[in-house]
Amino acid sequence: MTAMFSFLKRSKPARAVIDGETVHVLLDNALRGRKAPNYRHLAQKQRMAVIGYAEIEKASAKSFSPWVEGRWECEDIARSLIETAQRTAANEGLSWACGTLRADGAGNTLHVYAWAIVAREGRFTDRDVVFYDPTARRWVGADELKNVDYTLT
């Protein structure tokens, strides 16, 4: 009987916790000079856990479906990645510091990306805002984002 419930005793990864206001400030700083005049941050979570690059890549691999115009668009792919990530986070007991944002991508067309607050390698308290293109399945620099009109937790 004990083995049957062993999943309840699994240890959770040690993660730094960050409040929603700090997430907003970090995103604001990372997107300085990249926001559209109508930019808004839609905060839905008050506390989140800082994660690593691997969590986003794993959620992307698990949730990915190729882009199909009119059927499976970039916003669907990004939303699926975040939903997959947050399901894993729910099992740990606290939402992860990640979400979506919309910006002008290549060719000045609107595109939906994912963002995350990640712990710096080997450091518990230092963190960075990073951006990921779930459609292309690649990390992008803030310099690739123009006219960001929203970020969503």
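Among Val50, Val130, Val68, the largest mean-square fluctuation in a Gaussian network model of the chain, built with springs joining Cα atoms closer than 10 Å, belongs to Val68.
Between Arg87 and Gln46, what FRET efficiency comes out of the Förster formula 1/(1 + (r/R0)^6) with R0 = 22 Å and r the beta carbon distance, rounded to 0.05? Provide the component values of the computation, followed by the final result.
Numbers: r = 19 Å, r/R0 = 0.88.
Efficiency computed from Cβ-Cβ geometry: 0.70.
Excluding same-chain neighbours fewer than eight residues apart, the aspartates and glutamates reachable from Lys35 by a Cα-Cα span under 20 Å are Glu21, Glu75, Asp104, Asp128, Asp133, Asp143, Glu144, Asp149.
Computed over the stretch 14-152, relative contact order equals 31 percent, with contacts defined as Cα pairs under 8 Å that lie 6+ residues apart. Counted by Cβ distance under 15 Å from Gln46, the other residues give a net charge of 0, where Lys and Arg count +1 and Asp and Glu count -1.
When a/c reaches 1.5 or more, the comparison of a/b and b/c decides; with that in mind, is the stretch 43-153 rounded, prolate or oblate per its Cα gyration tensor?
Details: a/c = 1.78, a/b = 1.38, b/c = 1.28.
In terms of gyration-tensor shape, prolate.
Read-outs throughout are calculated quantities, based only on the coordinates presented, and are distinct from any laboratory measurement. Source: prediction; values computed, not measured. So basically every Cβ, Gly included, is an ideal-geometry build from the backbone, and we count neighbours across all protein chains shown.
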